[in-house]
Amino acid sequence: MNNILFFGPPGAGKGTQAKLISKLLKVPHLSTGDILRLKIQKKDKIANTLREVMAKGNLVSDDILNKIVAEKLIDCKQGFILDGYPRTIEQSKFLNKFLDDSKLKINFIININIDLNTIRSRILKRSEEEGREDDNINAIEIRYNEYVKKVKKVSDFYSEHYPDVYHEIDGNNQIEEISKKILKMLEN
């Protein structure tokens, strides 16, 4: 069983890499961003709130994400890849407790490092290709700053407490090169 966490700032390529690894390992890729974007398409009060929060580049509350992730993980009997979660220390505590209660463990933690200029370029390109409302310069800057203030602390927590399964990857390289490095790491 492979249970994998992906970390890195927005635009680092977590989703791209997680999708590739998901296909190869035949385990579900759980992207909180994708799940939330699907919820936004609904025309209800929660969708409107999520749309506002995400368009401004802000993070969705821990309670909402914890509930979504717990519901999804229950069905992941052969493993999972989490992309975009946990983003806060509270979410990591929730996840760790959930995994302990379920007698599961994290097998790999992959942190993709990338510089802000490359992030801007990638996200604006993605915005043009996918037409995503939440990919604009202002939202990019806010999400990056939120990552540095909050999510990086979570990544650092896992680096400190799970050093045997924590791996750093250079995200400034080409997609194929990053994929090769990750696959080699997973094979070892």
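The values are calculated or read from the model by the stated rules, or taken from the named source; none is laboratory data. All values reported here derive from a predicted model rather than from experimental measurement. We place every Cβ from the backbone using ideal geometry, glycine too, and count neighbours over all the protein chains shown. Only protein heavy atoms, including side chains, enter the accessible area calculation; ligands, DNA and RNA are left aside. Shrake-Rupley method; radii C 1.70, N 1.55, O 1.52, S 1.80 Å.
The figures follow:
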item	result
Tally, over the range 81-98, of residues that are in a helix (DSSP H, G or I) and of a type in the set (A, V, I, L, M)	2
Set Gly11, Gly15: member being in contact (Cβ under 8 Å) with a residue 60 or more places away in the chain and in contact with an Asp or Glu (Cβ under 8 Å, 6 or more places away or on another chain)	Gly15
Filter result (more than 19 Å from Gly131 (Cβ to Cβ), of a type outside the set (A, V, I, L, M, F, W, C) and either open to solvent by less than 40 Å² (accessible area, probe 1.4 Å) or modelled with pLDDT of 80 or more (or both)) within the range 46-66	Asn48, Thr49, Ser61, Asp62, Asp63, Asn66
Matching option when the condition is open to solvent by less than 70 Å² (accessible area, probe 1.4 Å), in contact with a strand residue (DSSP E or B) (Cβ under 9 Å, 6 or more places away or on another chain) and modelled with pLDDT of 90 or more, among Ile169, Ile89	Ile169
Residue within the range 111-121 that is open to solvent by 10 Å² or more (accessible area, probe 1.4 Å), at pLDDT 90 or above and within 16 Å of the chain's Cα centre (by Cα) present	yes
Residue tally, condition under 23 Å from Lys103 (Cβ atoms) and either crowded, with 23+ Cβ neighbours inside 10 Å or within 10 Å of the chain's Cα centre (by Cα) (or both), over the range 1-27	3
Residue that is farthest from Pro10 (Cα to Cα) [pool: residues in the range 172-185 that are of a type outside the set (Ser, Thr, Tyr) and open to solvent by less than 30 Å² (accessible area, probe 1.4 Å)]	Met185
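Here is a yes/no grid of residues against (1) assigned to a helix (DSSP H, G or I); (2) within 19 Å of Ile140 (Cβ to Cβ); (3) open to solvent by 40 Å² or more (accessible area, probe 1.4 Å):
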residue: Leu38; (1), (2), (3): yes, no, yes
residue: Lys42; (1), (2), (3): no, no, yes
residue: Cys76; (1), (2), (3): no, no, no
residue: Asp100; (1), (2), (3): yes, no, yes
